[in-house]
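Everything below concerns the one structure shown next.
Just so it is clear, none of the values below were taken in a lab; they were calculated from the coordinates. Because the structure is predicted, anything quoted here is derived from the model rather than measured. Using ideal geometry, Cβ is built from the backbone for each residue, glycine included, and neighbour counts are taken over all protein chains shown.
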Amino acid sequence: MNLTPKEIAVLWKEQMKKGYLKLSILFVLIKGEAHGYEIMKKIGEFTLGLLIPTPGAIYPALNELESKGLIEGRWENKGGKKVKIYKITKKGREVFREAVEKHFNLISATQNMLLKELEDLGIISPTSSSSGVYVEAMKILLLDEDALPEKKIEALKRLMDGCTQLKENIEIMIENIEKRIIELKNMKNNVSYNFNQQDLYC
């Protein structure tokens, strides 16, 4: 089957969404037990609306996670209605930790690669990357359930510092991109001018 680049990108996006959905379910259940509708609602809240699963997506994912022993479900009566309450297992916690570790390592490596390319293009100036700080802070906030409030506060401060540096880098990028656009426009105008001059002598 020959797919267009756009179709391949859409396929990859859907595959990534399925992976993020499973991680999001585990993250919600780390915070406490919940039934399917509660999980959908909390995922929407945690992701600020970026990931809003439908029943058609959430329940197959729950079934898969349960079949793999990452979560457990039990039936309860609530308001005269039977609902299935899910909780994360020890194996589920281990899988979540491992997946998040690998995910952040991948983000860090990808970010460093992109920053290097942008430096080579002259869009940003060489600078120490904040990705390491960001990754370590997020690991503490997401994975270290026993972290003391002081440790989490320090992690948040480091995360804020990393975001501040990222903001400064973005401002530099915007400035350099604007300069590059002006340079390209000038080049285009010069090329048009040279062609017009040649026409005069033809």
Flagged as over-length at 25 Å C-alpha distance, from 90/157; 17/179; 6/167; 42/82, the pairs are 90/157; 17/179; 6/167
FRET efficiency (residue 17, residue 85; Cβ distance; R0 25 Å; to 0.05) is 0.50
The aspartates and glutamates whose Cα lies under 19 Å from the Cα of residue 151, excluding any fewer than 8 residues away in the same chain, are 101, 136, 161
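Taking the Cα centre of region 5-88 as the origin, how large is its charge dipole in debye, to the nearest 20, when only Lys and Arg (+1) and Asp and Glu (-1) carry charge on their Cβ atoms? Don't jump to the answer; show the numbers that get you there.
Values: 15 positive and 9 negative charges, 23 e Å.
So the dipole magnitude of region 5-88 works out to roughly 120 debye.
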Within the under-14-Å Cβ sphere about residue 84, not counting residue 84, Lys/Arg +1 and Asp/Glu -1 give a net charge of 0
The summed charge of the residue 66 Cβ neighbourhood (under 14 Å; Lys/Arg +1, Asp/Glu -1) stands at +3
For 28, 10, 83, ascending order of other Cβ atoms within 10 Å (fewest first) is 10, 83, 28
Extension length gain for residue 63 and residue 179 (0.36 nm per residue less Cα distance), in nm, is 36.5 nm
